[in-house]
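Coordinate-derived values only; no laboratory data. As the structure is a prediction and not an experimental result, all values here were calculated from the model. So basically every Cβ, Gly included, is an ideal-geometry build from the backbone, and we count neighbours across all protein chains shown.
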Amino acid sequence: MAPGMDDIVRLCKQRGFVFPSAEIYGGFRSTYDYGPLGVLMLRNVKDAWWRSMVQLRPEVVGLDAAILSSPKIWEASGHLANFTDPLVDCRNCKERWRADHLEPDPEDGRIHCPNCGSTDLTEARAFNLMFKTFVGPVEDESNVAYLRPETAQGHFVNFVNVLQTSRKRPPFGIAQIGKSFRNEITPGNFVFRTREFEQMELEYFVPPAEADTWYHYWCQERLEWYVELGIPRDRLRLRPHAQEELSHYSTATSDVEFLFPWGWGELEGIANRTDYDLKAHSRASGEKLEYFDQATNERYTPYVIEPAAGATRTMMAFLLAAYEEDEIGGEARTVLRLHPRLAPYQVAVLPLSRKDTLVPVAREVLDLLSPITMCDYDETQSIGKRYRRQDEIGTPLAVTVDFESLEDRAVTIRDRDSTKQIRVPIDNVVDEVTSRLAR
Ligand code: ATP
């Protein structure tokens, strides 16, 4: 049975993946902190993206742009005018809702407040999602700045810098991972929608005539990325946007959607942003943001295909897809069948007991393995309980040092999914672990 949100939220809290932020003060409106395991897994999600988008693609380079930057960026990009959600207020209970998330009641055809059921709602009005702040000590309009609502724009305003220093030519890409901020009207569903979140965005610059081909290419590539990392294909779909849904800068967009416990929800949007952004920044700044093709003597503004994914939202989807409850030898267990690349720890090193004779050997094994991968070390409780604990946090391999190890210099490697165990000489443990993790 697919897990419910409660299962994931409980596991995240109990095992140290995600904590409600400022919990000792009663929490703070849908904000979350990533604990010892969450920080490892989130980093792994981002590393898996970076590996697939930058490391394995010679035509893609990275960027880490400032979160606080010139407000002129957001004026030129159209976000100041257009990055809005339609907001309605309930006159009865004063709750606020996104108008596009409310559906008419099938019985009376009217829209009801999801909180109190009233139909006394205001007209929709545009609400800008950007967080506004002031830079420097004086809080006046000339010092206004915005927290970026997407990492993109950093890519566009650095287009010439990157082009000149990296000597790339279209098709080429700029990849960036980082925090974005949106003053969401209705955050919720755990870390699905928060006001502070992390994005992983590629801006892929192509000759205009090739834009459509690359758009379809990236839709497929991005869908496959989730499948490769363990999300079953039948819990994923590509959904093209209808014309009226498209952002102000896009001529075509498809979402990669995941089947969440409450229904289909977006993990990533792949958009054809055309030459909208480069031209807008070019007009506003007076700088030429073009590519000069020496082969054809042609100067042009590239089109941009943007796969934009959420790291935090995606981590939650990976957790939901990996969560299972099964039975081992008549005993119930919870197991996270996470891809080894995503699991917080790849290996747990476990001395069978805390006996003085076993600990030095276990430490020796830990010293061999921790330079190559993230290891947990645990010597408390019974070995059965420790296996369960590792299963529940998704650790693919457990290496156990027992009394025989003192005689034969060998250890047991246990596989999380099959629970099968094999005996391996300590001298081979690095090779064995490396080959088992490389999938
Ligand atoms: P939505 O329709 O859910 O508000 P969006 O279409 O505005 O999302 P994009 O602007 O395409 O989202 O952002 C790209 C990705 O960033 C999304 O697919 C999602 O994974 C992530 N993302 C966007 N907003 C949030 C948020 N408030 N909390 C967590 N992740 C988010």
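Region 156-229 and region 417-439 have their alpha-carbon centroids 36 Å apart. Spin-label model, Glu221/Asp6: points 7 Å from Cα along the beta carbon direction are separated by 4.3 nm. In the chain, the calculated helix contribution to ellipticity at 222 nm averages -8000 deg cm²/dmol per residue, counting -39,500 (n - 2.57) for every DSSP H run with n ≥ 4. Segment Arg436..Arg96, full-extension length gain: 117.3 nm, with 0.36 nm per residue of separation and the alpha-carbon distance subtracted.
What percentage of all Cα-Cα pairs in region 345-437 are separated by more than 18 Å? Here the tail beyond 18 Å accounts for 35 percent of pairs.
The trypsin sites (Lys or Arg not before Pro) found in region 68-113 that occupy coil by DSSP, while having at most 11 further C-beta atoms within 10 Å, are Lys94, Arg110.
For region 345-437, the dipole from Cβ point charges (+1 on Lys and Arg, -1 on Asp and Glu) about the Cα centre works out to 320 debye, to the nearest 20. Highest GNM mean-square fluctuation among Trp262, Trp97, Trp49, for the chain modelled with Cα contacts below 10 Å: Trp262. Overall, region 197-344 carries a charge dipole of about 140 debye about its Cα centre when +1 sits on the Cβ of Lys and Arg and -1 on the Cβ of Asp and Glu, all other atoms neutral. Listed by chain and number, the aspartates and glutamates whose alpha-carbon sits under 16 Å from that of Lys94, ignoring those within fewer than 8 places in the same chain, are Asp120, Glu123. Annotation for Asp326 and Asp105: the two label points, set 7 Å from Cα along the Cα-Cβ direction, are 4.7 nm apart.
Seen through its C-alpha gyration tensor, with square-root eigenvalues sorted a ≥ b ≥ c, region 299-366 comes out oblate because a/c lies at 1.5 or above while a/b is not bigger than b/c. What is the Cα convex hull volume of the chain when expressed per residue in Å³? Per-residue hull volume (Cα only) is 198 Å³. Taking a straight Cα-Cα cut-off under 23 Å and skipping sequence neighbours fewer than 8 places away in the same chain, the lysines within cross-link reach of Lys13 are Lys46, Lys179, Lys385.
Ordering of 285-294, 317-326 by packing is 317-326, 285-294, highest average first (other Cβ atoms within 10 Å, averaged per residue).
Toward the positive end of the charge dipole of region 364-439, with +1 on the Cβ of Lys and Arg and -1 on the Cβ of Asp and Glu, the farthest Cα among Ile422, Pro396, Ile372 is that of Pro396. Among the cysteines of the chain, Cys12, Cys219, Cys375 have no other cysteine beta carbon within less than 4.7 Å of their own.
Using the Cβ-Cβ distance between Arg337 and Glu407 with R0 = 41 Å, the FRET efficiency computed as 1/(1 + (r/R0)^6) comes to roughly 0.75. A straight Cα-to-Cα reach below 19 Å connects Lys420 with the aspartates and glutamates Glu324, Glu325, Asp326, Glu327, Glu331, Asp391, Glu392, Asp402, Glu404, Asp431, Glu432, residues fewer than 8 places away in its own chain not being considered. When the chain is treated as a GNM with alpha-carbon contacts under 10 Å, the residue of Phe205, Phe134, Phe17 showing the greatest mean-square fluctuation is Phe134.
Rounded, prolate or oblate: which one fits region 249-371, using the alpha carbon gyration tensor with axes a ≥ b ≥ c (rounded when a/c is under 1.5, else prolate when a/b beats b/c, else oblate)? Oblate, because a/c is 1.5 or more while a/b does not exceed b/c. For labels at Leu68 and Glu245 in the simple 7 Å Cα→Cβ model, what's the distance in nm? In this crude label model, Leu68 to Glu245 measures out at 3.7 nm. Dipole orientation for the chain: of the candidates Ser405, His216, Phe19, Ser405 has the Cα lying most toward the positive pole (charges on Cβ; Lys, Arg +1; Asp, Glu -1).
When the Cα positions of Ile270, His339, Ile305 are compared along the charge dipole of region 222-364, His339 comes out farthest toward the positive end, with charges on each C-beta of Lys, Arg, Asp and Glu.
Given their separation in residues at 0.36 nm each and the Cα-Cα distance between them, Val144 and Glu364 gain 73.6 nm when the chain is fully extended. For the chain, modelled as a GNM whose springs connect Cα atoms under 10 angstrom apart, the maximal fluctuation among Pro396, Pro344, Pro425 occurs at Pro425.
Its Cα centre serving as origin, the chain has a Cβ charge dipole (Lys and Arg +1, Asp and Glu -1) of approximately 620 debye. Return one number: the angle in degrees, 0 to 90 and rounded to the nearest 10, between the long axis of the Cα atoms of helix 383-392 and the longest principal axis of the Cα atoms of the chain. Once rounded, the angle reads 10 degrees. Distance from the C-alpha centroid of region 358-374 to that of region 17-59: 26 Å, rounded to the whole angstrom.
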